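Notes to accompany the following structure.
Derivation of every value follows stated rules applied to the coordinates shown; laboratory data play no part. A quick note: this is a predicted structure, and the numbers were derived from the prediction, not measured. No Cβ is skipped: glycine too gets one built from the backbone with ideal geometry, and neighbour counts run over all protein chains shown.
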Amino acid sequence: MKFAHALCLIAILMSAAILPMSGYQNAGVNQWRRSKDTDFRGNVYNQFELTGKFIKTPGSDSIDTPSLLVRCRQARSGQESGGKFSSASLRVGIPLKIDYVEPEVIHGIGYYPKVRVRYRLDEGKERQEEWDSGAEKNSSSMSKDSLKRLLGARTVLMTVQDSSEADVTMQFDFPDSAEMESACRLGHPKK
């Protein structure tokens with residue numbers, strides 16, 4: 001059994017070394033990177049990540065590139081398509097400005113932490129939405145409807161504010177999303 005694990009590890013390491021040399025991954029082409037994740041209950045999730053670029057750079061130059069992460073629960077049959085959408089988030093990598101918004105219906109005392117996101121789809125009109133703040137306060141979660149709107153565009157310009165209230169602008173160029181849409185059963189109008 002240990003020998004089989006060692007062979008698998010060697011095969012993975014060799015493919016990681018060979019792929020960049022073979023030209024398989026073209027640095028100029030932005031693609032959804034697919035991976036799998038399993039939660040503590042054993043549920044398997046397909047994860048799709050799309051990296052963007054900063055247009056208006058935040059104060060620190062040492063942060064990673066922004067990314068969009070989409071998670072969907074894998075279909076029970078183990079097929080690659082037909083899963084169920086779980087979550088979508090914008091990961092900026094720096095502390096964001098959090099607004100505490102009063103809920104429409106108050107049940108006790110409480111406010112919701114939100115991140116104001118302004119975005120422009122292609123050359124369209126700028127929109128503003130309030131997305132839920134991530135637990136670590138350097139990301140935000142978007143709704144399924146917001147994700148569908150983004151997927152309908154070729155290029156999206158997004159602006160959020162960092163904790164010092166300075167604008168941080170990012171650009172995402174959307175490639176073909178058919179594989180991710182199928183895996184998460186999103187179904188949106190085609191470009």
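Just list whichever of 36/125; 56/84; 53/97; 36/56 have alpha carbons separated by over 24 Å in the model shown.
Check vs 24 Å cut-off fails for 36/125; 56/84; 36/56.
Enumerate the calculated ³J(HN,Hα) couplings along segment 33-49 in order (Karplus 6.51 cos²θ - 1.76 cosθ + 1.60, θ = phi - 60°), each rounded to whole Hz, writing x wherever the residue is Gly or Pro.
8, 9, 8, 10, 9, 10, 8, 5, 8, x, 6, 9, 10, 8, 10, 10, 10
What order, most packed first, do the peptides 47-56, 125-134 have when packing is the mean number of other Cβ atoms within 10 Å of each residue?
My ranking of the peptides, most packed first, is 47-56, 125-134.
In whole Å and largest first, what semi-axes does the C-alpha gyration tensor of segment 30-184 yield when each eigenvalue is scaled by 5 and square-rooted?
Numbers: eigenvalues 132, 85, 46 Å².
Square roots of five times the eigenvalues give 26, 21, 15 Å.
Under a cut-off of 16 Å between alpha-carbon atoms, report the aspartates and glutamates in cross-link reach of residue 144, not counting same-chain residues fewer than 8 places apart.
Candidates past the 8-residue exclusion: 49, 129, 130, 132, 181.
Given Cβ point charges of +1 (Lys, Arg) and -1 (Asp, Glu) and nothing else, what value in debye, to the nearest 20, does the dipole of segment 30-184 about its Cα centre take?
Value, rounded to 20: 400 debye.
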